[in-house]
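Reviewing the structure listed below.
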Amino acid sequence: MNIFKALVKREILDGKSFYIRTPAILASLTVILLVLSTLIMGEIHLDTSNGGDVKNIGEGMALLQEKEPEEVSSAVTLMYWGITMLTWFAFPFVIFFSLLGTLYEERRDRSIMFWKSMPVADWQEVLVKLFVPLVVAPLIFLGVTIATQLVISVFMGIVVLFQGGPALEMFPLGLMFTSWFILLGHYLMGMLWALPLLAWLLLVSAFAGRMPFLWAILPPFVLVAIEGIFFKSYSIAKWIAIHMGGWREAIEDRIAHNIDGPRDLFNMIISAGLTESVAITFSSVNMWAGLLIAVGFVYAAIEMRKRAI
């Protein structure tokens, strides 16, 4: 266990630009842009459907609380997620390039000779290099998101308070906590589907002598092209698309689309969306077959590292 913790800590420190600085910078940029836009915008004038005039955020929140009190908490929570989504835009790129470079870089800079002299098995090294991007990185991103949303809620509460609105409504902590934990469930389902593709990146990182990016992209592209040209089918492309997120289309077919307001939208994303994701994921032969393929790729990466010099 101590070896595992040490390896995880080393991977985080080696990739701190990916795992720590990137979300921190994007989160800081989000808060700065929100503060500047609020200060620069000043008062707004928005005509409502009944002919009223909303002059600022505080009045808008007061009007929403008066007409749709049950919608306020959901609307505020969704707003916080919308504001902080900038941080998550970088997450797929962090996962992609960290997996693609983790075993390649240690061979390129010859540091692998030093690490092989340590009393650590190759399978431990490879599994940690898979564990950190897929488990530790999202937890760091989520932690940064939580901190950002709390800062934003305090700022918005102060703004709404000075504008004469319901400041306490800017702290829907119950729904915020729910959304934070449910996000982990959504991520876990997506990771299980994407695991064969992510394990492929790790394998490429283990054997590519040069240009790992091309090695990661070209073989699947060539296979798709050969299948399309000679067999007039696109099964490989469909399989890749399903594991990249296309499996979620089945969720849309099962969930009713009668969304009427922020509360219905929040409930659909948080409860129904996750429930259907779990049901579809664990009942899919395609997903389980993908896990077996991922195990094969990881095993091959371990064997490649054993032979690396």
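Values quoted throughout were computed directly from the atomic coordinates according to the rules given, and no laboratory measurement underlies them. As the structure is a prediction and not an experimental result, all values here were calculated from the model. Backbone-built Cβ (ideal geometry, glycine too); neighbour counts: all protein chains shown.
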In Hz, Karplus ³J(HN,Hα) per residue of region 95-109 (6.51, -1.76, 1.60; θ = phi - 60°; x = Gly, Pro): 4, 4, 6, 5, 5, 5, x, 5, 8, 5, 5, 5, 7, 5, 8
What list do you get for 264, 109 if you sort them by fewest beta carbons within 10 Å? 109, 264
Would you kindly derive the ³J(HN,Hα) couplings of region 175-189 from the backbone phi angles with the Karplus curve 6.51 cos²θ - 1.76 cosθ + 1.60 (θ = phi - 60°), listing them in order in whole Hz, with x for Gly and Pro? 5, 5, 4, 4, 5, 5, 6, 5, 4, 4, x, 4, 5, 4, 4
Just list whichever of 129/238; 16/116; 232/306 have alpha carbons separated by over 31 Å in the model shown. 232/306
Stokes-Einstein D in µm²/s, Kirkwood radius over Cα pairs - region 103-233 at 37 °C with 0.692 mPa s viscosity: 171 µm²/s
Can you run phi through the Karplus equation (6.51, -1.76, 1.60; θ = phi - 60°) for region 275-283 and list ³J(HN,Hα) in whole Hz, with x for Gly and Pro? 4, 5, 4, 5, 5, 5, 5, 7, 9
Per-residue ellipticity at 222 nm for the chain, helices alone: DSSP H runs ≥ 4 residues times -39500 (n - 2.57), over residue total, nearest 500 deg cm²/dmol? -24000 deg cm²/dmol
The chain: C-alpha gyration tensor shape, a/c 1.5 cut-off, then a/b vs b/c: prolate
Which whole-number percent gives the relative contact order of the chain, counting Cα pairs below 8 Å spaced six or more residues apart? 26 percent
Given H placed 1.01 Å from N in the peptide plane, which residues other than close sequence neighbours of residue 165 have an amide H under 5 Å from its amide H? none
Cβ-Cβ cut-off under 15 Å around residue 77, Lys and Arg +1, Asp and Glu -1: the net charge is -4
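Sorting check: for 179-191, 221-233, which peptide has the highest mean count of neighbouring beta carbons within 10 Å, and how do the rest follow?
179-191, 221-233
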